[in-house]
């Protein structure tokens with residue numbers, strides 16, 4: 001099974017992850033790319049959606065909500081994200097004020113919730129790891145917000161550094177040691193010609209895949225451990241989207257490598 005997705009981005013909507021792709025049950029992902037002044041309209045149907053503005057500025061409007069001048073960062077490497085949450089069965093219109101790149105994540109749910117806008121100053125920032133697996137994690141949409149399944153954030157790897165490390169998984173429903181969550185990573189690099197590496201593997205060896213990831217790559221993680229490495233000279237970014245039966249994240253470290261995080 002192929003877990004790596006690399007599609008050319010087109011104006012309008014580019015689907016990246018479709019329902020049920022590569023063993024997923026919940027997560028969908030697409031990119032909205034607009035020139036200044038252009039619009040994209042959609043209905044959330046049976047999904048909740050989180051839109052993360054990767055770069056540019058836009059207006060986001062619906063029947064009973066509206067946010068003007070949303071976003072504004074040049075790209076993912078210039079400032080914290082602005083984002084929004086929409087529950088199922090909502091119409092939305094996005095109008096680009098500047099050239100716009102927006103990631104639209106979704107997950108099926110029947111929850112009743114209200115649209116929410118997440119300002120950049122609402123994004124939580126954590127420094128995680130140490131030495132050459134130090135990285136910065138931005139928590140955009142998490143348990144601070146009422147939702148059905150989605151948890152969304154961003155991770156920034158300095159050049160040559162690792163993340164999702166020591167390797168962890170979240171494939172079994174055994175709280176509080178572990179909860180079951182599928183995940184999707186969407187990658188960007190600075191400079192754009194950069195590249196990195198992603199491995200997905202399971203304890204039983206049924207999955208053991210490695211991919212060279214580049215700007216615009218996505219990797220689908222239905223289960224298994226999933227470490228990431230940035231090539232020296234290139235800063236690596238990924239948007240991460242999680243969804244499961246319960247909206248609670250408790251990762252489980254690979255016992256073979258758990259000692260690394262226990263070193264002083």
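Read the figures in this text as sums done on the coordinates, not as results from a lab. From a predicted model like this one, the values you see are computed outputs, not experimental measurements. A quick note on method: Cβ atoms are made from the backbone with ideal geometry, for glycine too, and the neighbour counts reach across all protein chains shown.
Odds and ends about this structure:
- Fewest-first sequence of 257, 145 by Cβ atoms within 10 Å of each Cβ: 257, 145
- The three principal axes of the C-alpha atoms in region 4-262 carry coordinate ranges of 52, 40, 31 Å, sorted with the longest axis first.
- The gain in end-to-end length when the residue 208 to residue 65 segment is fully stretched comes to 47.0 nm, 0.36 nm per residue minus the alpha carbon separation.
- The chain - mean residue ellipticity at 222 nm from DSSP helices (-39,500 (n - 2.57) per run, n ≥ 4, rounded to 500): 0 deg cm²/dmol
- Take 63-75, 163-175, 129-141 and order them by the average number of nearby Cβ atoms within 10 Å per residue, most first; the result is 163-175, 129-141, 63-75.
- Fully extending the segment from residue 9 to residue 117 would add 36.3 nm, taking 0.36 nm per residue of separation and subtracting the current Cα-Cα distance.
- Model label points for residue 245 and residue 131, set 7 angstrom from Cα along the Cα-to-Cβ axis, are 3.8 nm apart.
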